[in-house]
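Below: one structure, written as structure tokens.
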Amino acid sequence: MVTIRHTGDGWTITHGFFAIMGGFMEYDGNQPIRVLLPEELESYSLTGNGNFPRLSIAEIEDKSKGDAISKGVVILQTGWFITQFIVRVVQGLPISELELATVALAVLNFVIYLLWWEKPQNVRRGVRVYKKRTTEEPDDGNVEATVGFLDALEDAIFGLPDSIARGPVTDDFKDSPWLIRVLIWPLFKPVDIIFPGRNAHDTVSVKRVNTFYPHKWDTNWLEYSIVVVAAITLAFGGIHCFGWSFDFPSSTEQLLWRVASISIIEVPFMFFPARELGRAIDRYLDPTSDIYTRVIPMLLLLLYTLGRLALLVLSFLCLRSLPPAVFHVIDWSSFIPHV
Amino acid sequence: MHPNIPSPDERWPTTAWRRAGLMLLALFVPEAVIAWALRQRQIATGLAEEHESESPRIEVEA
């Protein structure tokens, strides 16, 4: 007797991640046609005969370049670094500014790692899916060929002038001159990722999803998400504030460190008030424009960016004269009672 | 880093460039990467609920 057995309990979060990272690619024979967004999957299947691409979690995980060992190493390494940091504080040993900045980054990267825990890592090709067939099966055609290292490099180098001439583009500044777009891009791109503008759209590059797809927040989660991002920014700046009264090579550097830490912490508090201020100015000067609504928060972000740069540069500059106790190792045995 | 899947038509330098850019972004504005990852997680969770019943089926001889 033949029975039908389900191999799993349906889609997991891994399936969800795989679908939004561009995991399902429509094929015609051996030719990739376009990437399918999650809502388009209904009329496709792995063979062309079904009405949904049914893929097991094991098949998806098989595409991931991460496994228990690589995840374990990341957890152990980060965990060990943070433990050491905490124990140094407990034992009253000084910490270098570079260690502090690294801890701040490590904590945030760890959060990113956890958020992406189930996302398959570094997948290069999606899964082939086919539209439900109505006609005779076509010939398979040629499979993609490997391109040599040098050919690929040559293509990339000759392709470069094109992309330089085009320049970077953010939605709000599509029509600005090239130089402005280049200067503004590093400032605006990150904001664009966090707060997609009204015109934000997930353009389909046909054969891949956008780098930061999905671009839009799920509206049910929007307020919650903004609070989470703000809290994380706060934690990030807060960790840097820990160096408030560290030993600095000079008092200028100490002052700079303090100002830079504050310039990060202020963003989550000031961002929305700044936008309201900008909106008020716009309403007063010219109700049809929203230039100040955008420019005033941008000044805050400029401050943030300068603060981030300063903290990174300072943490290296401070290495030139460290308090000697920074080199003392932790006395681990003091944590074992009766020794 | 857990980037999205590159296009099958693009050559490795393009993919490498994108990855390098993401690394820089994670170094200078880690909040942006957190926002992106958080968004993906929320939507992936939603998709998992929506397609709860879609599982691969195999026929077994009993």
For A:Phe248: the one exception among (1) buried (at least 16 other Cβ atoms within 10 Å of the Cβ); (2) hydrophobic (A, V, I, L, M, F, W, C); (3) part of a helix (DSSP H, G or I): (3)
Top-ranked residue in region A:1-25 [being at pLDDT 90 or above and in a strand (DSSP E or B); ranked as farthest from the other protein chains (Cβ to nearest Cβ)]: A:Phe24
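Would you check if A:Arg320 is more than 15 Å from B:Val29 (Cα to Cα) and surrounded by 13 or more Cβ atoms within 10 Å (Cβ to Cβ)?
Numbers: more than 15 Å from B:Val29 (Cα to Cα): yes; surrounded by 13 or more Cβ atoms within 10 Å (Cβ to Cβ): no.
Against the criterion (more than 15 Å from B:Val29 (Cα to Cα) and surrounded by 13 or more Cβ atoms within 10 Å (Cβ to Cβ)), A:Arg320 does not qualify.
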Breaking point among (1) buried (at least 16 other Cβ atoms within 10 Å of the Cβ); (2) outside any helix (DSSP H, G or I), for A:Pro297: (2)
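Taking the stated definitions as given, is A:Ser225 among the small types (Gly, Ala, Ser), outside any loop (DSSP other than H, G, I, E, B), touching a residue at least 24 places away in the same chain (Cβ under 8 Å) and within 17 Å of A:Val191 (Cβ to Cβ)?
On the way: among the small types (Gly, Ala, Ser): yes; outside any loop (DSSP other than H, G, I, E, B): yes; touching a residue at least 24 places away in the same chain (Cβ under 8 Å): no; within 17 Å of A:Val191 (Cβ to Cβ): yes.
So A:Ser225 does not fit the description; no.
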Selected residue [within 17 Å of A:Pro190 (Cβ to Cβ), assigned to a helix (DSSP H, G or I), over 20 Å from the mean Cα position of the chain (by Cα) and not charged (D, E, K, R)] from A:Ala230, A:Ala274, A:Ala280: A:Ala274
Selected residue (only one of A:Ser289, A:Ser315, A:Ser261 is outside any loop (DSSP other than H, G, I, E, B) and more than 23 Å from the chain's Cα centre (by Cα)): A:Ser315
The one condition in (1) touching a His at 6+ places or on another chain (Cβ under 8 Å); (2) modelled with pLDDT of 85 or more that A:Ser64 fails to fulfil: (1)
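Residues checked against (1) touching a strand residue (DSSP E or B) at 6+ places or on another chain (Cβ under 7 Å); (2) exposed (fewer than 13 other Cβ atoms within 10 Å of the Cβ); (3) touching a residue at least 24 places away in the same chain (Cβ under 8 Å); (4) closer than 27 Å to B:His51 by Cβ:
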site: A:Glu39; (1), (2), (3), (4): no, yes, no, yes
site: A:Gly50; (1), (2), (3), (4): no, no, yes, yes
site: A:Asp67; (1), (2), (3), (4): no, yes, no, yes
site: A:Phe81; (1), (2), (3), (4): no, no, yes, no
site: A:Gly92; (1), (2), (3), (4): no, yes, no, no
Residue check for A:Ile60: under 25 Å from A:Val206 (Cα atoms), of a type in the set (Val, Ile, Thr), in a helix (DSSP H, G or I) and touching a residue at least 12 places away in the same chain (Cβ under 8 Å): yes
Index of the failed condition, A:Leu306 passing every other in (1) outside any loop (DSSP other than H, G, I, E, B); (2) modelled with pLDDT of 85 or more; (3) away from every other protein chain (no Cβ under 14 Å): (3)
Members of region B:1-21 that are aliphatic (A, V, I, L, M) and either at the interface with another protein chain (Cβ under 7 Å from one of its Cβ atoms) or crowded, with 18+ Cβ neighbours inside 10 Å (or both): B:Ile5
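The values are calculated or read from the model by the stated rules, or taken from the named source; none is laboratory data. Just so you know, these numbers come straight off a predicted model, no measurement behind them. Backbone-built Cβ (ideal geometry, glycine too); neighbour counts: all protein chains shown.
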